[in-house]
Amino acid sequence: MKRLAILLSGRGSNFQAIHRAIAEGRLKAEIGCVISNVPDAPGIEYAKANGLPAYALSSKGVPRADFDLQVKRIIDEAKVDLICLAGYMRLLSPAFIQAYAGKILNIHPSLLPSFPGLHAQKQALDHGVKITGCTVHLVDEGLDTGPILAQAAVPVMEGDTEETLSARVLVEEHRLYSETIGVLLRGL
Ligand code: GRF
């Protein structure tokens, strides 16, 4: 069975959607480790409550390369096939990215290359686009710049706020991430 590492920093709803897809048999994989760089992130609480191998680290004040080495040790020990960033709010060091070239995935709440970085949904609203969406891509050393694997379009509605638009995009994120992971794992 192919194994996933999940890296998160917060709510962890994308991680929960992946966990649900596995539990319901829609995604053939197992979760080898869940790592948070924020010790009390709700996502890591969910991992613990569900009996998954959960690692709550604190990246506060730790140099990037040192912190990534801690993460790397856990990931290597867990023997995973794919690393899935799920709301991981920290840039990865070049050494980490090179160590797992082509094996790190991210989900971003816009149709990249539009609106990379923080507050993608607010950026979309501010620009007045009528269609936005989400993107699953491989992680390279840039910010949300890696090769695009899959996208889903989501309409922007009259009167949308950042919250209402984010909620509509999130539904597609949850579906698209698990599906794309499944496709990728089948090819490994
Ligand atoms: C999602 O919108 C994801 O696309 C972005 O950060 C958010 C994380 O949400 N990278 P969650 O922690 O998965 O609920």
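The values are calculated or read from the model by the stated rules, or taken from the named source; none is laboratory data. Worth saying up front: this structure is predicted, and the values here are computed from it rather than measured. Glycine also receives a Cβ, built like all others from the backbone with ideal geometry; neighbour counts cover every protein chain displayed. The area values use the complete protein model at the heavy-atom level, side chains included, leaving out ligands, DNA and RNA. Shrake-Rupley method; radii C 1.70, N 1.55, O 1.52, S 1.80 Å.
Summary of values
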quantity	calculated
Accessible area, probe 1.4 Å, largest first, for residues Y177, Y100	Y100, Y177
Segments 39-49, 3-13 sorted - mean Cβ within 10 Å per residue, highest first	3-13, 39-49
Amide proton proximity set for V38, modelled H, under 5 Å, gap of 5+	L57
Members of K28/K48; K2/K60; K48/K72; K48/K103; K2/K122; K28/K60 lying beyond 29 Å, as alpha-carbon distances in this model show	K2/K60; K2/K122; K28/K60
Ordering of 67-78, 142-153, 102-113 by packing [mean C-beta count within 10 Å, highest first]	102-113, 67-78, 142-153
Within the chain, helix-based [θ] at 222 nm, where runs of 4 or more DSSP H residues each add -39,500 (n - 2.57), nearest 500	-12000 deg cm²/dmol
Size-normalised alpha-carbon gyration radius of the stretch 3-186, reference 2.2 N^0.38 Å	0.99
Most positive-pole-ward Cα, Q70, P113, N14, against dipole of the chain from beta carbon charges	Q70
Convex hull volume of the stretch 108-151 per residue (C-alpha atoms, cubic angstrom)	53 Å³
Where labels lie 7 Å past Cα in the beta-carbon direction, separation of R64 and D126 in nm	2.3 nm
Ranked packing of 158-165, 122-129, most packed first, by mean Cβ within 10 Å	122-129, 158-165
Student exercise, the stretch 3-186 dipole from Lys, Arg, Asp, Glu Cβ charges, in Debye to nearest 20	440 debye
Pairwise centroid distance, computed over Cα atoms, of the stretch 71-124 with the stretch 129-152, Å	11 Å
Unit charges on C-beta of K, R, D, E only; dipole of the stretch 31-117, Debye	100 debye
The chain: DSSP helices with Cα axial extent of at least 27 Å and average Kyte-Doolittle hydropathy no lower than -1.0	162-186
